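Visitor: Structure provided below as structure tokens; questions to follow.
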Amino acid sequence: MAAMTSAVQLLSARRLIVKIGSALLVDAETGEIRGPWLETLIADVVRFFARGQQVIIVTSGAVALGSSQFNGSDRPLRIEEKQTAAAIGQVRLMIAYERSLKRHGFRLGQILLSSEDIENQHRRLNARSTVQQLLKVGAVPIINENDTTATAEICFGDNDRLAALVAQMVNADVLVLLSNVDGLFTEDPHHNPLARLVTEVRCITPEIEAMAGHSHARHSSGGMVTKLLAARIAMDAGCEMVIARGNKSYPLAAMENGGPSTWFVPLAKDRATCGEH
């Protein structure tokens, strides 16, 4: 049933957000982009466009790619060093996306957002208009947080939340969070191999929240906790969200072909019944 749901929901979505984390995009050992993996992801995205669907990419990776500038230090980077790394890494990040998309005849449009851009109505409308115009001219919008100017966001923020806010902003039908796990488990599968995958969530209850674990990835600021926060935002906006493993080739095709995942399905507008599910 879950496999059929993934295929049907992805096929029926008019507009999708695909969020890609640093742990998937950047090799933790070399600090370089996982080029062959990115090629397969872009092939998936192009296939969606060929079906008449719209895909917006929310990507991390700038800080991870630029951190080699400070390889001589084992300590955590200071804010100004992270911002420097982001400025250097963002260029490399966009070049990698541009090369992959160009092979398929596509262009990209870069958008850097801060939380203020989302919260301010005028700036939010401008950002939404830019996304819509990029899609209209056949360019793939690629969004990242503006880490070069962010302060609190760069310490505590994550692109799971940003992706959910973008999904809300552009009225997306489905938000795809590609992760290094198959989805939400009853317990942390890193600690308990008997943990069971939850295939569908219709209400984020305290029991669901208790299942969230922590990030195990070096360059990732997110984790299952932030994914559940993103799910709340998406579901409240009427957008479905799915968590699925993304570190294998053609991750979107894998979902369509029955790969494991967790779907978060928004209830009807009457949220009072949430506690009963």
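Visitor: For region 171-190, give me each residue that is within 14 Å of Gly21 (Cα to Cα), at pLDDT below 95 and touching a Pro at 6+ places or on another chain (Cβ under 8 Å).
Guide: Across region 171-190, the qualifying residue is only Val181.
Visitor: Ok, one more. Does region 98-130 hold any residues that are surrounded by fewer than 16 Cβ atoms within 10 Å (Cβ to Cβ) and of a type in the set (A, V, I, L, M), and which are they?
Guide: Leu125
Visitor: Related question: Can you tell me which residues in region 76-91 are surrounded by 16 or more Cβ atoms within 10 Å (Cβ to Cβ) and over 25 Å from Val170 (Cα atoms)?
Guide: Scanning region 76-91 gives Leu77, Glu81, Lys82, Gln83, Thr84, Ala85, Ala86, Ala87, Ile88, Gly89.
Visitor: Right, another one. Quick check, is Leu134 more than 26 Å from Gly52 (Cβ to Cβ), buried (at least 17 other Cβ atoms within 10 Å of the Cβ), touching a residue at least 24 places away in the same chain (Cβ under 8 Å) and not small (Gly, Ala, Ser)?
Guide: Criteria not met by Leu134.
The values are calculated or read from the model by the stated rules, or taken from the named source; none is laboratory data. These numbers come from a predicted model, not from an experiment. Note: ideal-geometry Cβ built from the backbone for every residue, glycine included; neighbour counts use all protein chains shown.
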